[in-house]
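Take a look at the structure set out below.
Read the figures in this text as sums done on the coordinates, not as results from a lab. Given the structure is predicted, the values throughout are model-derived calculations rather than measurements. Positions of Cβ are backbone-derived with ideal geometry, glycine not excepted, and every protein chain shown enters the neighbour counts.
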Amino acid sequence: MNGNKCVLGRKYTLTHSDITGELFLTIGKEYAIDRISFIRDEVLGSFRNDCGLYYYAYVLVDDPTEEGREQVRNRIFRKELPGALSAIRVGDTELFQTYPELDDVPIWIYFDSNEEQWEAYEYYGSFREYRNSQHK
């Protein structure tokens, strides 16, 4: 793929407002650490090339402010991830138009938790499934 050099350095930070529900996407060479809140409900993502190009996203299931909320956070992340992936895809439309093959790279999500039952690494399809904003 010709776009490998362009995408491998991109870092995606997706945050939201708890008040309005509005999503905020920052794309850069580094994650937008200054946009991450203390409750750690962001989605961090990047394209990676380990034995083939894929999109990797990270979410923290553990609640840094209150113990025992892993189940609730896990449920919320799983409910909201399709909308988050759609926001990332729509938010970087120009890149996907320039390199349409990026719509077919697999998406892998790492659900990080200190509790084994909530830690997971799961396939979430490809960006082709998230090209419009119907996922909410």
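Before moving on, here are some points about what is shown:
- For residue 46, net neighbour charge (Lys/Arg +1, Asp/Glu -1) across residues whose Cβ lies under 11 Å away: +3
- Loop-located chymotrypsin sites (Phe, Trp or Tyr not before Pro) in region 1-100 (DSSP state other than H, G, I, E, B) with a sparse environment of at most 11 neighbouring Cβ atoms within 10 Å: 38.
- Where GluC sites (Glu not before Pro) fall in DSSP loop in region 89-136, at most 12 other Cβ within 10 Å: 115, 116
- Among 64, 106, 82, the largest mean-square fluctuation in a Gaussian network model of the chain (Cα springs under 10 Å) belongs to 64.
- For the chain, built as a Gaussian network whose Cα springs stay under 10 Å, the top-fluctuating residue of 52, 83, 28: 52
- Cα-based radius of gyration of the chain once divided by 2.2 N^0.38 Å, which approximates compact folds: 1.03
- Beta bridges per DSSP, both residues in the chain: antiparallel share near 80 percent.
- Nearest-ten-degree value, helix 70-91 long axis tilted from longest Cα axis of the chain: 20 degrees
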